[in-house]
């Protein structure tokens, strides 16, 4: 269909419906199998996993994005809440809510993972991997270092729920914060609709908030997942700040005054940390705090705009309305 003559509002409506349909194809895609023959693996997505892309590619030249990224999943979760809020039928609303609940269940399983099994199988994996591809395998010691204390910083997982054995830039700390934020928003929606809230929602939010507090404003890999950008990222700090700001009232409503106060204190620290990205000489924020800036365009990046949109801090600093 030729959409070039459609009014903008009509095009947006049409595209939103199509995007929702395509997005749904990556959620709980249990009917798919991804074979990575060069590594001797076959992956079957689990219920609740979110594929970054269901396309069967192998960098030939299309990228292999058949993974579950916590960051991407968090944004899908936010979209599911919007879809449920705007559903025209109870059936449609329940479908989106069910998808959300499945992702929560899967995310809790990810939080319980560690790298011991993958590390133990490393020698066998090397044997099964083509020689020219062994450079892409994570070393055994790197896998063994993944524990219950660090697993939430993993940038991506195989969609069957296992730790990825392939190298990727990490750790990353924005996805967990965004996931907690999405869960708190969805809890509010369920309560407003007088729908039951499963206890595992509270469990996941608490785990992700506590991890975010422990890793607030720590150096990490950012949104673009570049190995040479281990730094304080504006996008990451903004995601953490938004989640903890949201969690102040959430924790208080859960009867946890101590956690609420901790979120308030650390949230204020993150707000001050964001101001360290300000470049008064250029009247702009730079997306990497420590990297030197040589001219007005040097520190600019679309990640700053995305941080404002994804943070959903309406009317506050670092929001789309911040002048």
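Tabulated values for the structure
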item: Residue order, fewest to most surrounding Cβ atoms within 10 angstrom, among 65, 285; result: 65, 285
item: Pairwise label distance in nanometres, residue 98 with residue 191, each label 7 Å out on the Cα-Cβ vector; result: 2.6
item: Added length on full extension, which subtracts the Cα-Cα distance from 0.36 nm per residue, residue 134 to residue 272; result: 45.3 nm
item: Simple spin-label estimate for residue 15 and residue 87 in nanometres, 7 Å along Cα-Cβ; result: 2.6
item: Mean Cβ neighbour count within 10 Å, used as a protection proxy, ranking 269-275, 6-12 highest first; result: 269-275, 6-12
item: Rounded FRET efficiency, nearest 0.05, which uses the C-beta distance separating residue 126 from residue 294 and R0 of 51 Å; result: 0.70
item: Computed [θ] at 222 nm, helices only, for the chain once each DSSP H run of length n ≥ 4 contributes -39500 (n - 2.57); result: -15500 deg cm²/dmol
item: Gain on full stretching of the segment that runs from residue 33 to residue 148 - 0.36 nm per residue minus C-alpha separation; result: 38.6 nm
item: Taking the convex hull of Cα positions in region 1-99, its mean projected area over all directions (nm²); result: 8.4
item: Relative exposure of 41, 91, 236, 30, judged by other C-beta atoms within 10 Å (fewest first); result: 91, 30, 41, 236
item: Paramagnetic reach from residue 252 in region 169-200 [backbone N under 20 Å; point 7 Å along Cα→Cβ]; result: 181-189, 191-192
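All of the numbers you see were taken from the coordinates with simple rules; none came from a lab. Computed from a prediction, not measured in an experiment: that's the story for all the values here. Please note: Cβ atoms are built from the backbone with ideal geometry, for glycine as well, and neighbour counts cover all protein chains shown.
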